[in-house]
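Colleague: Below is the structure I would like to discuss, written out as C-alpha cells.
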Amino acid sequence: MDGSQILLVNFELLVQKSLYEILCRAGYKVDIASETEEALECISEKPYQIVLTDLNKEDDVELVKDLKDKLDSGEVIILTSYGNLDFAVRSIKLGAFDYLVRPVEDEKIISVIERALLNLPRKKTHGGPFKKLSKKSDDSFHGIIGKSDKLNEIYSVVERIANAKTTILIRGESGTGKRLLAHSIHKADKKRCNKPFVEVSCGALPRDIVESELFGHTKGAFTGAIADRKGRFELAHGGTILLDDIDSLTPDLQVKLLRIIQQKEFERVGDHRTVKVDARIVAATNQDLEKLVSEKKFREDLYYRLNVISIVLPPLRERKEDLPSLLEHFVNLYSKENHKKLKGMDGGVIEVLKNYHWPGNIRELENIIERAVILDTDGVINKDDLPEILISKTMANVSASALNLLKDILREPEKGHILRILKEVGWNKKKAAKKLGINRTTLYNKLRKYNLISQG
Ligand SMILES: Nc1ncnc2c1ncn2[C@@H]1O[C@H](COP(=O)(O)OP(=O)(O)OP(=O)(O)O)[C@@H](O)[C@H]1O
Ligand SMILES: [Mg+2]
C-alpha cells in the first residue's frame, strides 16, 4: 500500500526472508534490523510507519516501549511464536498495535498492517490544521501553566511576596487553580520550600473534628483521643499551611485563627500549654467574603487580617489565550499516565474549546482532556473525543451570539421606523401601535428600550 516503510526486527533468517518477500510483493518498502540496537538506529534515520518485530524472551516486551518511544508516528506489531496471554497483554499495554502468534497466514499479516496504517494520524481527515505536540520542557511557573497578562501579573506578585511572612488570601471560582497557586507560593519561598506544605480543607472536615485537626489534642481530651496528636498547624511548622474554603470556618475557630495570625500561638484541644508555630498562612475561598462579613457570618477583623494581600485568579473564560498551552500540558500529562502515545490534535478542537464558557474552569478542562485521551483510538485528539455537551453548548453559544449580532443590526432601523410613525401620528401611541402592528405594551417596551419614553 502506497509504499509505506516497514522495518523488520529480530526475526530468524528464514522467517525474515519470507516476510521480506511477502511485504515487498504487497508494495511496501522493507528494511531489516537483526537486533534491537540496529532497529533503533534505523528508526532515527528513517520515518517508519510500521515496525514488525519478533519477541523471544519475556524481557523483550520492554523493547515495544523503546520502539514506540523512538517512532515519531508509527505502530509496532508483534509477530512471534511465543503465544502467551500475559505476554500479549503486556506488550499491548506498552503500546503494541497488535500481537500475532505464528504460524499465521500471509493475508492476516497484511490486513493487520493495513489496519495499523489506517490508524495513523496522517491518514485521517481533519477539521483544521493538524497540530503536532511538542515535547518541550516545562516552562511553567512552579507548575502553573499559562502566560496570559493576568497570570503574568500574578506571578510577579508571588515573586515579590515570596519571602515575606504575610498571610495571603487567594480568591477565584472553583477550579481556577487556587490550590496550585498556594503551592507555588510555598515553592517560591526560599526558606520554606523544603519544609512541609500542609493543606486543610475547612469545608470538607466534619465540624466536630476541625479544631483537633487544626490544633491537635492531648490524650483523653475527648472520647477517641487515645494519644497526643499534633495538629496541622504544628505539622506545617517552618513551612506553609493552606486553609482552603476558609469561608466555612465556624465562628469559634475564626477567633482561634485570628489569634494564631496575630500571636503565632495556640493551645491543643484539652491542653492549657501554649504552642508556638511559624507557618505561613495562605487562605483560599471561592465565596464572596465581603457578603459573608456583611451578613455577620465571617468576622470582619479576621477578614482584614487575611486580606492583607489578596490574589484573584481569573476564570478560564477570561484568559482563553492560555487554552493552547493548557491543552498541550494535559494531553502530555494524561497520555503519559495512560501509556498512550499521542501525536497531536486536530486544529478544530481548540476552536471548540475557545467557544465554550468553562463554568468549571481548569478542572473541567483537565477532566475533559483526560477523558479524550483515554477514549482516543487514533493518536490524534479530535472533536469526536470531546463530550457531546461541549460541542452542543458551543453551538448554542455561537448561535446565541449570532442572534445578538442580528438584534444589534436591527436596532437602528427599528428605532428609526418607530420614530417616523410616531411623528406621523403626532406622538399618539395608540395610533402608532396600530400602524406598527404591535400592541401598546410592546410599543411602550420598545420606547423604553430606545430611550424614547420621555419624548412621548
Ligand atoms: N494554570 C494551571 N496550569 C496547570 N494546571 C492547572 C492550572 N490551574 C489549575 N490546574 C489544575 O486544575 C485542577 C484544579 O485546580 P485547583 O485544585 O488548584 O483549583 P481550585 O481553585 O483550588 O478549585 P476549588 O475551588 O474547586 O477547590 C488541578 O488538577 C490543578 O492542577
Ligand atoms: Mg481548591
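Colleague: Describe numerically, in nm with one decimal, the distance between label points set 7 Å from Cα along Cα→Cβ at Cys193 and at Asn56.
Modeller: Label-label distance for Cys193 and Asn56, simple model: 5.0 nm.
Colleague: Here is a further query. Calculate for the chain the 222 nm mean residue ellipticity that helices alone would give, adding -39,500 (n - 2.57) per DSSP H run of length 4 or more and normalising by residue count, nearest 500 deg cm²/dmol.
Modeller: -14500 deg cm²/dmol
Colleague: Okay, moving on. How long, wide and thick is region 149-316, going by the Cα atoms along their three principal axes, in whole angstroms, largest first?
Modeller: Principal-axis extents of the Cα atoms in region 149-316, largest first: 53, 39, 26 Å.
Colleague: How much space per residue, in cubic angstrom, does the convex hull of the C-alpha atoms of region 5-123 take up?
Modeller: 93 Å³
Colleague: Where a Cα-Cα gap under 21 Å defines reach, which lysines qualify for Lys195, not counting those fewer than 8 residues away within the same chain?
Modeller: Leaving aside lysines fewer than 8 places away in the same chain, those within reach of Lys195 are Lys165, Lys178, Lys187, Lys230, Lys264, Lys276.
Colleague: Right, here's the next one. Take every Cα pair under 8 Å in the chain that's 6+ residues apart, average their separations, divide by the length, and report that relative contact order as a whole percent.
Modeller: 13 percent.
Colleague: Take Arg207 and Ala227, extend 7 Å from each Cα along the Cα→Cβ direction, and tell me the distance between the two endpoints in nm.
Modeller: Between Arg207 and Ala227, the label points sit 3.1 nm apart.
Colleague: What distance in nm separates the two pseudo spin-label positions at Asn338 and Leu235, each 7 Å out from Cα along the beta-carbon direction?
Modeller: Result for the modelled spin labels: 3.2 nm.
Colleague: FRET efficiency for Ser111 and Arg179, Cβ-Cβ distance as r, R0 = 51 Å, nearest 0.05?
Modeller: Details: r = 50 Å, r/R0 = 0.98.
The formula returns an efficiency of 0.55 here.
Colleague: How do Lys178, Lys320 line up, fewest other C-beta atoms within 10 Å first?
Modeller: Lys320, Lys178
Colleague: Taking 60 Å as R0, compute the FRET efficiency from the Cβ-Cβ separation of Glu41 and Glu351 and round it to 0.05.
Modeller: Using R0 = 60 Å, I get an efficiency of 0.90.
Colleague: Using the 10 angstrom Cβ neighbour count as an exposure proxy, how do Asp322, Asp86 rank, fewest first?
Modeller: Listing Asp322, Asp86 from fewest to most nearby Cβ atoms yields Asp86, Asp322.
Colleague: Enter the mean projected area of the convex hull around the alpha-carbon atoms of the chain, in nm², rounded to one decimal.
Modeller: Orientation-averaged projected area of the Cα hull: 35.5 nm².
Colleague: Separate question: Can you give the FRET efficiency to the nearest 0.05 for Ser140 and Lys93, using r as the Cβ-Cβ distance and R₀ = 25 Å?
Modeller: Efficiency computed from Cβ-Cβ geometry: 0.30.
Colleague: Ok, one more. Using 0.36 nm per residue, how much length does the chain from Leu118 to Gln254 gain when fully extended, once their Cα-Cα distance is taken away? Present the calculation step by step, with values, prior to reporting the outcome.
Modeller: Working: separation 136, 0.36 × 136 = 48.96 nm, distance 6.22 nm.
Extending this stretch completely gives an extra 42.7 nm.
Colleague: Roughly speaking, what is the stretch gain from Lys435 to Lys415, that is 0.36 nm per residue apart minus the C-alpha to C-alpha distance, in nm to one decimal?
Modeller: Extra length from Lys435 to Lys415 when fully extended: 5.7 nm.
Colleague: What length, rounded to one decimal in nm, is gained on full extension from Glu388 through to Glu424, with 0.36 nm per residue of separation minus their alpha-carbon distance?
Modeller: Result for the pair: 7.7 nm of gain on full extension.
Each reported figure results from applying straightforward, stated rules to the coordinates on display, with no laboratory input. Small disclaimer: the values here were computed from a predicted structure and weren't measured. With ideal geometry, Cβ positions are generated from the backbone for all residues, glycine too; neighbour counts draw on all protein chains shown.
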